[in-house]
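Heads up: the structure comes next, in structure tokens.
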């Protein structure tokens, strides 16, 4: 049987077919299609990028990641690396947008506050709990994240504390302070600060309730990240427990050695100094003691009352005494 291929070769059909010309035409056609497709894609990318940039400049979130990916591809990065670059850029942008940075109004959105409310009961008299709290410079000795405290004046206190892996400084101004009752302060700092108030209530002679309310104005990546998990609230809770432990384990053993600040502050001004408060307390104490001694002196003693009754019996007329005796003997 004759092979078809041998028949074609023997008759010279292959030589007469324009295969080379056909290959060139196909190649030219494919090149033309590729150039047209690339031109179309390039034009679309340029238009899309311009729209994205214009929108992004007006605060559109989530767009820097797309442009980052386009630029990565344009510089010759692989699709995988371009996607990773776009993903990291998108993550950073989302974090900034979440925290009120990089949005509209030039990134000047109001910072979110972290509200912290903690309550502890301490088994000591209210005066001891209050006096220990006013010793701010002792806080670094028993609180873990409070690094240093410098009381510049009666109403000015400088703080340094660790917030996650960063360190923050702020200045607090006590605007109201009433002994054994409350302390209210406001703060300012370049990278975060704390406003708040603390009150003291006597539940029993040896039991004091402390209520702490704070507003933490966070600034910086780590502080904002901590806000997501309320890390500052948990830290405040732990520091309150450290305060209670210190008071119950140490301060209660030497209450006379802890001299708290007994002055009074109103509207950020000291209206009564510590020395004036101590002198006033001493005068009140002496006045009470003098009053108790005077009342004791005026009150007749039990022995004196018995002597007066005996004297009255002795001086009673005999006739009246006999009549009383006869009446007592008479049957009812």
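Every read-out reported here was derived from the displayed coordinates using simple, explicitly stated rules and does not represent laboratory data. Keep in mind that what you see is a predicted model, and the values were worked out from it rather than measured. We place every Cβ from the backbone using ideal geometry, glycine too, and count neighbours over all the protein chains shown.
Before moving on, here are some points about what is shown:
- Looking across the stretch 262-297, the residues that are surrounded by 10 or more Cβ atoms within 10 Å (Cβ to Cβ), touching a strand residue (DSSP E or B) at 6+ places or on another chain (Cβ under 8 Å) and touching a residue at least 12 places away in the same chain (Cβ under 8 Å) come down to 263, 264, 265, 266, 268, 270, 277.
- Any hit, the stretch 168-177, residues being crowded, with 19+ Cβ neighbours inside 10 Å, closer than 23 Å to residue 121 by Cβ, in contact (Cβ under 8 Å) with a residue 40 or more places away in the chain and over 17 Å from the mean Cα position of the chain (by Cα): yes
- Selection from the stretch 116-166 of residues that are touching a residue at least 60 places away in the same chain (Cβ under 8 Å) and in a loop (DSSP other than H, G, I, E, B): 123, 124, 125, 134, 135, 143, 144, 145, 154, 155, 164
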